[in-house]
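In what follows, a single structure is set out as structure tokens and then discussed.
The values are calculated or read from the model by the stated rules, or taken from the named source; none is laboratory data. Computed from a predicted model, the values in this text were never measured in an experiment. A quick note on method: Cβ atoms are made from the backbone with ideal geometry, for glycine too, and the neighbour counts reach across all protein chains shown. Surface accessibility is based on the protein's heavy atoms, side chains included, excluding ligands, DNA and RNA. Shrake-Rupley method; radii C 1.70, N 1.55, O 1.52, S 1.80 Å.
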Amino acid sequence: MSSSLITIAFDDAAKAQQMVGELKKLQEEGLLKLEDSVIVNRDQEGKATYTTDHHVAGAGTGAAFGALWGLLLGSIFLMPVAGVALGAAAGAASGALGKVAVDESFKNSINDQMRPNSSAVILRVSNVDHPEKIAERLKGFGGTVLHTNLSAETEKQLQAVLEGK
């Protein structure tokens with residue numbers, strides 16, 4: 001089954017971490033598979049930091065995904081070379097990913113949402129079973145869906161759930 005990419009921004013610095021925690025519980029219950037997550041936090045001074053949670057086996061694959069996340073986040077926060085270096089840790093895959101283009105509107109929408117003391121989460125999920133149970137757990141969680149590869153209707157439903165509707 002293919003993965004869904006979802007990016008959600010929060011006005012609260014801790015909310016992205018809380019959402020990842022809840023998604024991990026849902027994964028433990030077998031309701032979805034959280035393939036990867038990146039949490040971006042912007043502190044009081046506006047400095048952005050990120051943490052990743054890789055669920056990829058193998059050092060080479062891990063380096064490739066780390067480089068991809070580093071390039072994506074580095075591009076968003078205007079430091080792509082440092083982003084790739086940090087994300088790739090092993091460094092082997094960063095050269096191949098140096099040509100990955102990140103949509104400007106995507107980068108800008110994330111950067112525009114990231115005010116001081118805010119957070120965002122970028123998720124790759126698959127195997128979503130019982131979406132109604134997941135919606136029940138995430139209802140009213142808050143946040144703004146910035147980007148997904150979900151259908152327009154599913155994206156609207158996700159935003160409504162986050163708003164508690």
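Across the range 20-57, which residue is modelled with the highest pLDDT among those that are open to solvent by 50 Å² or more (accessible area, probe 1.4 Å) and in a loop (DSSP other than H, G, I, E, B)?
The extreme case among them is 29.
Sort through 92, 64, 16, 82 and tell me the only one that's open to solvent by less than 30 Å² (accessible area, probe 1.4 Å) and either at pLDDT below 80 or assigned to a helix (DSSP H, G or I) (or both).
Checking each option against the conditions leaves just 16.
Within the range 129-149, how many residues turn out to be over 18 Å from residue 12 (Cα atoms) and surrounded by fewer than 16 Cβ atoms within 10 Å (Cβ to Cβ)?
Step one: list which residues in the range 129-149 are over 18 Å from residue 12 (Cα atoms), which gives 129-137, 147-149.
Then drop every residue that is not surrounded by fewer than 16 Cβ atoms within 10 Å (Cβ to Cβ), which leaves 129-133, 135-137, 149.
Summing the residues that are over 18 Å from residue 12 (Cα atoms) and surrounded by fewer than 16 Cβ atoms within 10 Å (Cβ to Cβ) in the range 129-149 gives 9.
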